[in-house]
Amino acid sequence: MSPVEITLYHNPRCTKSREALALLRSHGIEPTIVEYLKTPPTLAELTDIVKRLGVEPQALVRKSEDVFKQSYQGKQLDTSQWIAAIVAHPILLERPIAVRGTRAVIGRPPERVLELL
């Protein structure tokens, strides 16, 4: 049996993200960690993540962030505009996001990452 390969879009300052990482590790999974604030996803990568999640990109937007309140709150953006906004401001990306194969989940609550096992 091949090892489970999961990529975790992670913010080490986020409690939920740290909890999701700990859960994966407790199941013997050492994910590939992408600290998305240091290495933001490209437009193509984020488009792929949105597809794997099966959600509209607006569902990935952290609405409590100042940049959202100042620049995007109340605006009607299409799919490509939301993806471009997240790429431009990676702090807007909901976290953590775990990706395995053709599937992905938002780790809120953190236990959702276990759906990929």
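Rule-based calculations on the coordinates, nothing more; no lab input. For clarity, every value in this text was computed on a predicted model and none was experimentally measured. Positions of Cβ are generated from backbone atoms using ideal geometry, with glycine treated the same way; all protein chains shown enter the neighbour counts.
Can you list residue pairs whose Cβ atoms sit under 8 Å apart, with the first residue in region 7-19 being touching a residue at least 24 places away in the same chain (Cβ under 8 Å) and β-branched (Val, Ile, Thr) and the second being outside any loop (DSSP other than H, G, I, E, B) and crowded, with 18+ Cβ neighbours inside 10 Å? Count only pairs 6 or more apart in sequence or on different chains.
Taking only residues 6 or more apart or on different chains, the pairs are THR7/VAL34; THR7/ALA98; THR7/VAL99; THR7/ARG100.
Quick check on this structure: which one of LEU117, LEU77 is loosely packed, with under 15 Cβ neighbours inside 10 Å, of a type in the set (A, V, I, L, M, F, W, C) and within 13 Å of ILE6 (Cα to Cα)?
Exactly one of LEU117, LEU77 is loosely packed, with under 15 Cβ neighbours inside 10 Å, of a type in the set (A, V, I, L, M, F, W, C) and within 13 Å of ILE6 (Cα to Cα), namely LEU117.
Going through region 17-29 one residue at a time, which ones are surrounded by 18 or more Cβ atoms within 10 Å (Cβ to Cβ) and either farther than 13 Å from LEU93 by Cα or of a type in the set (Lys, Arg) (or both)?
The answer is ALA20, LEU21, LEU23, LEU24, ILE29.
Does region 46-66 include one or more residues that are touching a residue at least 40 places away in the same chain (Cβ under 8 Å), more than 13 Å from ALA104 (Cβ to Cβ) and not aliphatic (A, V, I, L, M)?
Looking for residues that are touching a residue at least 40 places away in the same chain (Cβ under 8 Å), more than 13 Å from ALA104 (Cβ to Cβ) and not aliphatic (A, V, I, L, M), one finds none in region 46-66, hence no.
Considering only residues of region 30-73 that are in contact with a Pro (Cβ under 8 Å, 6 or more places away or on another chain) and within 19 Å of ARG100 (Cα to Cα), which is surrounded by the fewest Cβ atoms within 10 Å (Cβ to Cβ)?
The residue in question is GLU35.
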